[in-house]
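Here, each number is a calculation from the coordinates, and none is a lab measurement. Since the model is a prediction, treat every value here as computed from it, not as a measurement. Note that we place each Cβ from the backbone using ideal geometry, even for glycine, and neighbour counts take in every protein chain shown.
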Amino acid sequence: MELPPYATLGQRIWHYGFKLLCGLIFFFLIAPILVIIPLSFNAENFFTFTPGMLALDADAYSLKHYQDFFTNPDWQQALRNSLRIAPVATLLAVSLGTLAAIGLSQPHVPFRRAIMAILISPMIVPLIISAAGMYFFYSDIRLQGTYLGVVLAHAALGIPFVIITVTATLVGFDHSLTRASASLGADPVTTFFKVQMPLILPGVISGALFAFITSFDEVVVVLFVGSANQQTLPWQMFTGLREQISPTILAVATLLVVISIALLTMVEVLRRRSEKLRGMSPG
């Protein structure tokens, strides 16, 4: 937003000062990533910049850490575990979260604000508390250390993101469309898939992407409820930092950053498409 030509000196100072503050906060958040990415190409097994890297010597850079990630059986097993858990957890989170959002969007549902607060509480409660609670609960029902237990735990963490994004999409939804569909003889399932789902699909996909990122990057809960057979990629990274200080972690972190940026870009594209579908954007 640009300043009007008649802005006072105080308004100009506030405007540019606010921009500077936002820039400094953004740099503070992005600086660790800017350090990790070049370090992942280090030809040595160090976590610091070597003199050759600072001198931009081509021999000081290498893809050896990326090669280790794609050839090391421990890293590949962790990747396979993440790819086995995250999609299933995302599917559960999207299914349950979408249905919950649609149900809570109905004004006649009693205590819907309280129910909404409970459903999104995993976003608010510290992960360590959620993980400890899941551990004791899963121990009682014998789900601790099982694949199903990890999937359900990750789905519980992803459901709030789906509920929030789908609920935001339903804000501009015209419920007269569903009533018109019912008046023409369509059953609720047909109305959902033919009328409602195409309009809320951007929000559903956005929620699915957030749920997938949450599951794929999660490490605290899986440490409590998982076992060695469910050792995911973040778990392997945590182990690498704690036990063997493997520089391959830098390569994996860079790949995860690239994947997260790509998914978040998709979320932004879908958000804009959703706004256009609801007539909220002139573009």
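Comparing LEU39, LEU241, LEU264 in a Gaussian network model of the chain, where Cα atoms under 10 Å apart are tied by springs, the biggest mean-square fluctuation is seen for LEU241.
Simple spin-label estimate for ALA7 and LEU264 gives 2.6 nm between the two label positions (7 Å along the Cα-to-Cβ direction from each Cα). Which net charge results for the neighbourhood of TYR147, defined as the other residues with beta-carbon distances under 14 angstrom from its beta-carbon, given Lys and Arg at +1 and Asp and Glu at -1? Neighbourhood net charge equals +3. Remark: the stretch 62-188 carries a charge dipole of roughly 60 debye about the Cα centre, counting +1 on each Lys and Arg Cβ and -1 on each Asp and Glu Cβ. Exposure proxy for SER139, SER176, SER215: other Cβ atoms within 10 Å of each Cβ, ordered fewest to most, give SER176, SER139, SER215.
About its Cα centre, the stretch 1-144 has a charge dipole of approximately 720 debye under the convention of +1 per Lys or Arg Cβ and -1 per Asp or Glu Cβ, with nothing else charged.
Could you list the residues of the stretch 149-183 with an amide nitrogen less than 11 Å from a label point located 7 Å from the Cα of LYS194 in the Cα-to-C-beta direction? Taking a point 7 Å out along Cα→Cβ of LYS194, the residues of the stretch 149-183 whose backbone N falls under 11 Å are 181-183.
Positive-end ranking of ILE164, VAL225, LEU263 along the dipole of the chain, with charges on Cβ about the Cα centre, is headed by ILE164. For Kirkwood radius over Cα pairs in Å, the value calculated from this model appears in [x] 22.1; [y] 21.1; [z] 20.0 under label [x].
Decide, for the stretch 186-283, between rounded, prolate and oblate: order the square roots of the alpha carbon gyration tensor eigenvalues as a ≥ b ≥ c, take rounded if a/c falls under 1.5, and otherwise choose prolate if a/b is larger than b/c, else oblate. Oblate, because a/c is 1.5 or more while a/b does not exceed b/c. Give me the base-10 log of I(q)/I(0) for the stretch 40-79 at each q in 0.13, 0.22, 0.24, 0.28 Å⁻¹, Debye formula, one uniform scatterer per Cα, rounded to two decimals. At q = 0.13, 0.22, 0.24, 0.28 Å⁻¹ the computed log10 ratios are -0.32, -0.67, -0.74, -0.86. In summary, the lysines within cross-link reach of LYS276, defined as a Cα separation below 21 angstrom excluding same-chain residues under 8 places away, comprise LYS194.
Give the longest segment of the chain that steers clear of GluC sites (Glu not before Pro) in DSSP loops with at most 14 neighbouring Cβ atoms within 10 Å, not counting the sites themselves. Longest site-free region, per DSSP loop and neighbour criteria: 45-283.
Close amide H contacts of TYR61 (hydrogens built in the peptide plane, cut-off under 5 Å, sequence separation of 5 or more or a different chain): ALA43. Tell me, what is the FRET efficiency for TYR16 and VAL257 to the nearest 0.05, using R0 = 45 angstrom and their Cβ-Cβ distance as r? So the FRET efficiency works out to roughly 0.90.
Nothing charged except the Cβ atoms of Lys and Arg (+1) and of Asp and Glu (-1): what's the magnitude of the dipole of the chain about its Cα centre? Round to the nearest 20 debye.
Charge dipole of the chain: 960 debye, to the nearest 20.
Taking +1 at the Cβ of each Lys and Arg and -1 at the Cβ of each Asp and Glu, which of TYR66, LEU3, LEU241 sits farthest along the dipole of the chain towards its positive end, judged by Cα position relative to the Cα centre? So the residue furthest toward the plus end is LEU3. Residue separation of ILE124 and LEU54 scaled by 0.36 nm, minus their Cα-Cα distance, works out to 21.0 nm of gained length.
The helix-only estimate of mean residue ellipticity at 222 nm for the chain, built from DSSP H runs of length n ≥ 4 each weighted as -39500 (n - 2.57), is -23000 deg cm²/dmol after division by the residue total. Full extension of the chain between ALA186 and ASP217 yields a length gain of 7.0 nm, computed as 0.36 nm times the residue separation minus the alpha carbon distance.
Mean-square fluctuations from a GNM of the chain, with a 10 angstrom spring cutoff on Cα atoms, peak among PHE70, PHE28, PHE238 at PHE28.
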